[in-house]
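The structure under discussion appears below in the form of structure tokens.
The values are calculated or read from the model by the stated rules, or taken from the named source; none is laboratory data. As the structure is a computational prediction, the values presented were derived from the model and not from experiment. All Cβ positions, glycine included, derive from the backbone under ideal geometry; neighbour counts span all protein chains shown. To get the accessible areas, we keep the full protein, side chains included, count just its heavy atoms, and leave off ligands, DNA and RNA. Shrake-Rupley method; radii C 1.70, N 1.55, O 1.52, S 1.80 Å.
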Amino acid sequence: MSLTSAATLATLDRTGPRRITDLAAVEGVTQPAMTALVRVMEGSGLVERRGDASDKRVTLVCLTEAGASYVRTRHRAGVHAFERLIGELTGDEVEALVAALPALKHLAELESQDREGPKQ
């Protein structure tokens, strides 16, 4: 799976259903590229398109259960990889990481706000 596909699934997991134009902006690709990507992920059963109850002209891209499961599995794999790597650090290095956690959390929040773009 491409990084853009994985990032798009993670965005949908974090933010819920989105328009293709919003997903394209968040992921930094063109709308035609996102449309093609959604079509492939839809064919794989990871996402589905649904109408927007508040505006019948709008179609939203939603995670399927298979898509949500993929995101959870990928997240767990990342957590396990970090656990293994952190286990190889010295005590001083672990302490330095713990001290940096508030700044790292703030960076993640800023990045998330950047990727999500304006709220609807």
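Here is how the numbers come out for the structure above:
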{"quantity": "Test: residue in segment 105-115 that is under 17 Å from PRO17 (Cα atoms) and surrounded by 14 or more Cβ atoms within 10 Å (Cβ to Cβ)", "calculated": "yes"}
{"quantity": "Residue within segment 32-45 that is modelled with pLDDT under 95 and either over 19 Å from LEU9 (Cα atoms) or touching a strand residue (DSSP E or B) at 6+ places or on another chain (Cβ under 8 Å) (or both) present", "calculated": "no"}
{"quantity": "Segment 22-32 - residue that is assigned to a helix (DSSP H, G or I) and out of contact with any helix residue (DSSP H, G or I) (no Cβ under 7 Å at 6 or more places or on another chain) and, of those, most open to solvent (accessible area, probe 1.4 Å)", "calculated": "PRO32"}
{"quantity": "Cβ pairs under 7 Å, 6+ apart, first in segment 1-30 and touching a residue at least 60 places away in the same chain (Cβ under 8 Å) and over 26 Å from ARG57 (Cβ atoms), second in a helix (DSSP H, G or I) and β-branched (Val, Ile, Thr)", "calculated": "ALA10/VAL71"}
{"quantity": "Of all residues in segment 1-21 being in contact with a strand residue (DSSP E or B) (Cβ under 9 Å, 6 or more places away or on another chain) and over 14 Å from ARG39 (Cα atoms), the one that is surrounded by the most Cβ atoms within 10 Å (Cβ to Cβ)", "calculated": "LEU12"}
{"quantity": "Any hit, segment 55-69, residues being within 18 Å of the chain's Cα centre (by Cα) and open to solvent by 50 Å² or more (accessible area, probe 1.4 Å)", "calculated": "yes"}
{"quantity": "Boolean, MET41 is open to solvent by less than 50 Å² (accessible area, probe 1.4 Å), out of contact with any Ser or Thr (no Cβ under 7 Å at 6 or more places or on another chain) and of a type in the set (A, V, I, L, M, F, W, C)", "calculated": "no"}
{"quantity": "ALA36 over 24 Å from SER112 (Cβ atoms), open to solvent by less than 50 Å² (accessible area, probe 1.4 Å) and either among the acidic types (Asp, Glu) or in a helix (DSSP H, G or I) (or both)", "calculated": "yes"}
